[in-house]
Structure formats: structure tokens, C-alpha cells
Amino acid sequence: MKLRCIIIDDEYLARQRLLKLLENFEDLLVVATCKNGKDALEKITLKEPDLIFLDIQMPDMNGFTVLSKLHLKPYVIFTTAYDTFALKAFEINAVDYLLKPFDEDRLSMAIERIIQLKKRKESSLLEDQIKKLLSTYQSTQTNYLHKITLKTRGKDVTIFIDDVICFKSDGNYVKIITEAKTHLHRITMNTLYKNLDTNQFLRIHRSIILNKIYIKQCTYVNNNEFRFVLKNGEEYISSRKYSTSITAYLS
């Protein structure tokens with residue numbers, strides 16, 4: 001089975017050069033190329049690649065932001081012209097980076113590392129490492145909530161905000177719904193929403209906040225109400241009170 005990969009770089013020549021180099025690797029299949037972060041998020045969600053070649057400096061959002069908005073984290077090989085401390089933090093056993101201009105030998109080393117990781121079924125370790133790095137990066141870059149830690153049966157359970165499909169109010173609690181499990185958190189919806197990044201989350205009702213990444217479809221119903229269909233099949237009807245923010249989101 002070939003590794004499905006996506007190239008993400010705002011420079012056309014850089015994308016073409018990497019495409020040419022990857023022709024020599026039979027274990028890889030390039031399923032898409034992207035010129036910016038927005039395009040990358042759409043293609044990654046659609047194609048579900050095993051591996052992405054990700055540039056750091058892009059005009060609309062940087063590589064760290066792209067990763068922070070992904071639910072499914074593929075293997076990542078960074079391709080960048082900047083050798084910084086942040087990049088060095090990613091030079092761990094599960095993730096590699098290529099400093100431009102890199103040659104075919106250096107590319108081969110990075111790909112072999114990914115292939116060996118996949119063979120050893122260490123994708124779960126990779127995801128945890130990326131999440132920890134992203135958590136550290138986000139905590140220094142923004143005041144928005146990036147994880148929630150709850151006490152469950154005497155143990156700390158950490159829920160990363162990127163993994164949340166939606167929040168739903170439930171009396172004095174808020175349900176935190178992820179693909180794996182639903183958690184209860186004692187907090188008000190208003191307090192929670194104030195700490196969320198509105199670029200990522202959309203409040204459609206006083207009792208419902210959606211992660212935009214998980215929105216599959218939105219259609220107008222009537223009287224300034226909208227029907228939202230999520231990627232997990234759940235459906236929600238919005239309140240007229242939030243029609244302005246929903247319209248802004250759709251535009």
C-alpha cells in the first residue's frame with residue numbers, strides 16, 4: 001500500500017521541484033498539491049493523506065496553524081527555508097523537517113523514517129507528540145483555550161480543543177462531544193465561548209457551539225434559521241438570534 005501524500009507550499013517552483021523528486025519514490029503517491037493553508041485544510045479533509053509535506057511560512061496561515069486546525073493528524077515532514085528553534089522542536093523520532101534547498105538523499109532519509117514509523121504502527125505516538133508540541137506552541141501564541149483537563153474517577157483526562165466536534169449545554173454542565181467519547185464539564189456556555197477561537201468555533205444556538213472543521217453542510221431553512229449537518233451525521237437547527245454570525249460564516 002502506497003503512502004498517500006499532499007504537498008503544501010505557497011511557492012509554485014517549490015511544489016514542482018518536490019513533485020519531480022517524489023517521482024523516484026515508489027512507496028509514495030501524491031494525491032494533491034496546495035498553495036496555501038485554506039486549500040490544505042480542504043484537501044487534507046477530503047483526501048485523508050497518510051503524509052503531508054508542509055511549508056511553515058505561508059501568506060494566509062502558517063504550518064503550525066494548519067496542523068492545529070486538523071482533526072486527523074497525518075505524518076508530517078516540514079519543508080522550509082527557516083531553521084528556527086520551533087523547527088528543531090519537531091526534529092524528533094516521529095517527525096522530520098527538510099531545510100530548503102534539500103536534495104534527494106535528505107528527502108529519502110525523511111521518507112524512510114515515515115515508512116518505518118508506519119510499519120511499526122507508531123501513528124498514535126506521532127499524534128500525541130504533535131499535539132503536545134502544538135499545545136506548547138499555541139499556549140505561547142494565543143490566549144484562546146486549546147485543551148480542557150477534567151477529573152474522571154480520580155484521573156486527569158485531557159481533551160484537545162481540535163478534537164471537539166461540538167459543545168452542547170446540559171443543565172449546569174456542558175457536553176464535550178468528540179468522536180471517541182462524550183465528556184461532561186461543569187461550566188456555562190457563555191464562559192466557555194468567551195475562551196474559544198471564533199475562527200474555529202461557531203455558536204448557532206444558546207446551547208450549541210460547533211467546530212467549523214466538522215461542519216459538512218449548512219442549508220437555509222426559513223425565518224433566519226439554518227440546518228447544520230456534521231461529518232458524524234448529527235444535525236442541528238440554529239436559532240434566529242445567531243443568524244448574523246452564521247451569515248458571516250457562510251460568506
I'd like to compare 48-55, 103-110: which one has the highest average count of other Cβ atoms within 10 Å, and what's the full order after that?
48-55, 103-110
At 1.4 Å probe radius, can you tell me the per residue accessible area of segment 131-251 in Å²?
59 Å²
Taking Lys241 as the anchor, which aspartates and glutamates have their alpha carbon closer than 14 Å to its alpha carbon, excluding any fewer than eight residues away along the same chain?
Glu225
Please report the net charge: other residues with Cβ closer than 12 Å to the Cβ of Asn199, K and R +1, D and E -1.
+1
Check Lys147: other-chain or 5+ apart residues with amide H under 5 Å from its amide H, H built from backbone geometry?
Ile161
Any aspartates and glutamates whose Cα falls less than 14 Å from that of Lys43, other than same-chain ones fewer than 8 residues away, would be Asp9
Full-extension gain in nm, Leu29 to Val229, via 0.36 nm per residue minus C-alpha separation:
68.8 nm
Highest mean first, what order results for 232-240, 74-82, 207-215 on Cβ atoms within 10 Å?
74-82, 207-215, 232-240
Cα-Cα over 20 Å, subset of Lys2/Lys212; Lys119/Lys231; Lys168/Lys231; Lys73/Lys168; Lys73/Lys194; Lys47/Lys216
Lys2/Lys212; Lys119/Lys231; Lys73/Lys168; Lys73/Lys194
Taking protein heavy atoms only, a 1.4 Å probe, and rounding to whole percent, the accessible area of the chain owed to carbon and sulfur comes out at 47 percent
Given the DSSP H assignment, sum -39500 (n - 2.57) over each helix run of at least 4 residues in the chain and divide by its residue total; what's the result at 222 nm in deg cm²/dmol, nearest 500?
-9500 deg cm²/dmol
Where the centroid of each part is defined by its Cα atoms, how far is segment 4-50 from segment 184-251 in Å?
31 Å
Between the modelled labels at Asp10 and Asp197 (7 Å from Cα along Cα→Cβ) the distance in nm is 1.7 nm
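The values are calculated or read from the model by the stated rules, or taken from the named source; none is laboratory data. For clarity, every value in this text was computed on a predicted model and none was experimentally measured. As a convention, Cβ positions derive from the backbone with ideal geometry for all residues, glycine included, and neighbour counts pool all protein chains shown. Protein only, heavy atoms only, side chains kept; ligands, DNA and RNA dropped before computing areas. Shrake-Rupley method; radii C 1.70, N 1.55, O 1.52, S 1.80 Å.
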